[in-house]
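The values are calculated or read from the model by the stated rules, or taken from the named source; none is laboratory data. Computed from a predicted structure; not experimentally measured. Here the Cβ positions follow ideal geometry from the backbone for every residue, glycine too, while neighbour counts run over all protein chains shown. Areas reflect the complete protein model, heavy atoms only, side chains present, ligands, DNA and RNA absent. Shrake-Rupley method; radii C 1.70, N 1.55, O 1.52, S 1.80 Å.
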Amino acid sequence: MQRRTVVKGLTAAAAVPAAVGLASGTARAATRTAATDDSLVFDPAAYTEQAIAITDTAGTAHDVVYRFYKVASYVANPVDATYQSLNVSVPVSIDGTAVDASGAPILFANSVGGYMPSSVSGRTGITATGMGGGTSRQGLALAAGYVVVEPGARGRTLVDSAGVYYGTAPAAIVDLKAAVRYVKFNKGRIPGNVNRIVSSGVSAGGALSSLLGASGDSPLYDSYLAELGAAPASDAIFATGAWCPITDLEHADMAYEWCWGSNPLGSGAQVDRTISTALSAAYGDYLASLKLSAKGFGRLTVRNVDDYLLKTFMQPSATKYLAALSDADRAAYLAANPFITWAGGRATFTWADFLTHVGARKKNTPAFDDFAMASPETNLFGTGTTRARHFTLYSLRHANGDSARLDADIPAKLHLMNPMYHLVDKVNGSRAKHWWIRLGTKDSDTSHTVAGNLSARLTALGDDVNTSYYWDAGHGADQDPGDFISWIAKVTGHRSRPKK
Ligand code: DHB
């Protein structure tokens with residue numbers, strides 16, 4: 001467990017007249033909300049001022065001065081503050097012009113990957129560099145004048161000295177919710193508009209980001225949050241950004257075989273046909289049970305969901321890609337990929353040809369609840385001193401026989417981890433209403449139906465959904481990071497304000 005440390009400000013807030021607006025807001029908030037624990041009260045004066053050069057998506061470098069806050073823990077009773085802590089970055093000036101971020105949107109950027117633990121406690125400034133070496137989403141947001149909150153969260157591999165796994169489901173989502181509650185509890189003290197929190201995450205982080213958006217203020221998490229001493233506040237967020245979300249885990253094996261069942265493994269070998277076919281066949285019943293519909297397609301079933309994915313996402317993705325190429329490059333691409341028909345500025349092709357074009361599937365079958373329990377997800381559903389467990393009846397019974405039953409706690413934990421539960425089984429009115437969903441067309445870490453179903457359901461619920469697939473891109477791609485930053489301004493109604 002980590003000792004609480006607060007980095008004291010290099011610049012006293014009181015010495016900066018520009019901070020006065022914030023200070024008076026602080027006083028009001030302090031009298032309005034009776035804190036249950038002083039450790040959960042954000043100290044606006046506890047920052048270091050830092051300068052950083054941030055290159056935007058147009059390639060222009062910006063000199064950004066920002067206040068960097070380290071919050072030792074966002075819960076009163078941390079299990080492990082190394083993970084249950086967060087950092088806040090607040091722009092002060094951009095290219096020498098003072099900015100007022102007091103009403104700015106808050107990018108709530110998780111850095112979860114693989115459902116592993118993620119910590120920001122060792123960081124001494126904003127994470128301005130992304131995975132690929134370019135500017136991170138956090139960096140772009142800061143340079144756009146937004147407040148950036150970077151929460152850590154427990155993850156599946158954490159184990160204590162007694163051998164107890166303390167970061168398995170639902171720890172990561174409970175932690176992210178607790179971090180949101182901390183931010184919202186500190187309204188008026190923490191800079192930015194706490195009612196305009198925009199979550200972001202990639203892969204397992206994208207799954208958690210969509211779950212955070214879908215499950216806002218669900219009472220199902222209350223007991224877990226109470227145990228941690230989470231701040232008494234809402235955990236609903238305004239908007240969700242999710243890149244290649246690895247979610248709907250208990251149906252992901254079936255969905256994977258429906259999508260990639262006929263694609264070979266990297267070795268060129270086919271997966272076990274009996275298992276693949278059984279799982280794929282079971283997907284039809286699941287999809288039907290969702291009762292999804294999409295404009296122009298009606299009820300989505302296994303008879304038309306390929307066409308839905310093809311026409312809604314894959315063909316427009318290829319069209320956008322090809323339209324942006326020079327005539328010579330487009331001609332070369334089309335010559336190398338004769339399965340695409342290019343006519344009237346639009347790309348068309350069949351679903352079968354698209355699958356062949358993607359080529360090798362990334363995972364064997366079952367892709368998630370694998371028989372050997374070597375997958376991240378079997379570990380995610382571990383508990384106590386048990387590292388990994390089966391979380392689908394199919395894999396459990398394959399291992400233990402037809403009368404085997406899932407452990408009694410598994411169904412509830414699956415609900416706690418699945419955004420679809422909060423959008424279909426129990427439609428959550430407190431969910432985020434703005435959604436940015438992105439995925440590479442060559443990403444076979446999960447079925448294309450996972451994002452497709454999420455998008456269809458949210459759209460049918462009337463939410464503002466911006467879903468797009470990056471053509472030929474693989475797992476973790478983000479090809480329009482600047483557009484996401486502009487989208488945040490649009491959906492939050494934010495206009496950057498120079499400081500008066
Ligand atoms: C991630 C990727 C996976 O294929 C998976 O099953 C879980 C998580 C990830 O990149 O976060």
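The single condition among (1) under 20 Å from VAL112 (Cβ atoms); (2) charged (D, E, K, R); (3) surrounded by 18 or more Cβ atoms within 10 Å (Cβ to Cβ) that ARG387 does not meet is (3).
Pairs are defined by a Cβ separation below 8 Å, a sequence spacing of at least 6 or placement on different chains, a first member in region 94-116 that is over 30 Å from GLY476 (Cα atoms) and open to solvent by less than 30 Å² (accessible area, probe 1.4 Å), and a second member that is at pLDDT below 95 and not in a loop (DSSP other than H, G, I, E, B); the pairs so defined are VAL99/PRO498.
Taking region 367-486 and the helices (runs of 4 or more DSSP H) fully enclosed by it, the elements with 2 or more residues that are within 14 Å of the ligand (Cβ to nearest atom) are at 376-380, 448-460. Every test in (1) within 29 Å of TRP487 (Cα to Cα); (2) open to solvent by less than 10 Å² (accessible area, probe 1.4 Å) is passed by THR378 save one, and that test is (1).
Mind listing just one residue for me: the one in region 50-86 that is polar (S, T, N, Q) and under 25 Å from VAL174 (Cα atoms) and, of those, surrounded by the fewest Cβ atoms within 10 Å (Cβ to Cβ)?
ASN77
Condition check ((1) within 16 Å of the ligand (Cβ to nearest atom); (2) of a type in the set (D, E, K, R)) across all residues:
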site	(1), (2)
ILE190	no, no
ASN195	no, no
SER215	no, no
ASP222	no, yes
LEU249	yes, no
GLY268	no, no
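Here VAL149 meets the list (1) part of a helix (DSSP H, G or I); (2) away from the ligand (no atom under 16 Å from the Cβ) almost entirely, failing just condition (1). Whenever a residue of region 231-257 is open to solvent by 10 Å² or more (accessible area, probe 1.4 Å), its partners that are modelled with pLDDT under 95, lying with C-beta atoms within less than 8 angstrom and at least six residues away or across chains, give the pairs PRO232/THR36. Residues that are of a type in the set (Lys, Arg) and part of a helix (DSSP H, G or I) were ranked within region 303-341; the one that is most open to solvent (accessible area, probe 1.4 Å) is LYS320.
Total residues in region 203-229 satisfying the condition of being touching a residue at least 40 places away in the same chain (Cβ under 8 Å), open to solvent by 20 Å² or more (accessible area, probe 1.4 Å) and more than 27 Å from SER455 (Cα to Cα): the figure is 2.
Residues checked against (1) in contact with a helix residue (DSSP H, G or I) (Cβ under 9 Å, 6 or more places away or on another chain); (2) modelled with pLDDT under 95; (3) part of a loop (DSSP other than H, G, I, E, B):
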residue: ALA53; (1), (2), (3): no, no, no
residue: ASP63; (1), (2), (3): no, no, no
residue: TYR66; (1), (2), (3): yes, no, no
residue: LYS70; (1), (2), (3): no, no, no
residue: SER73; (1), (2), (3): yes, no, yes
residue: ASN77; (1), (2), (3): yes, no, yes
residue: ASP80; (1), (2), (3): no, no, yes
residue: SER93; (1), (2), (3): no, no, no
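Is it fair to say LEU325 is within 24 Å of ALA473 (Cβ to Cβ) and in contact (Cβ under 8 Å) with a residue 40 or more places away in the chain? In short, no.
Checking GLY113, GLY132, GLY139, GLY103 one by one, the residue that is within 18 Å of SER199 (Cα to Cα) and either within 16 Å of the ligand (Cβ to nearest atom) or assigned to a strand (DSSP E or B) (or both) is GLY113 and no other.
Residue pairs whose Cβ atoms lie under 7 Å apart, separated by 6 or more positions or on different chains, with the first residue in region 375-397 and over 10 Å from ILE410 (Cβ atoms) and among the basic types (Lys, Arg) and the second surrounded by 21 or more Cβ atoms within 10 Å (Cβ to Cβ) and at pLDDT 95 or above, are ARG387/TYR165; ARG387/ASN379.
Looking at region 315-331, is at least one residue more than 16 Å from the ligand (Cβ to nearest atom), on the phi > 0 side of the Ramachandran plot and at pLDDT 95 or above?
No: zero hits.
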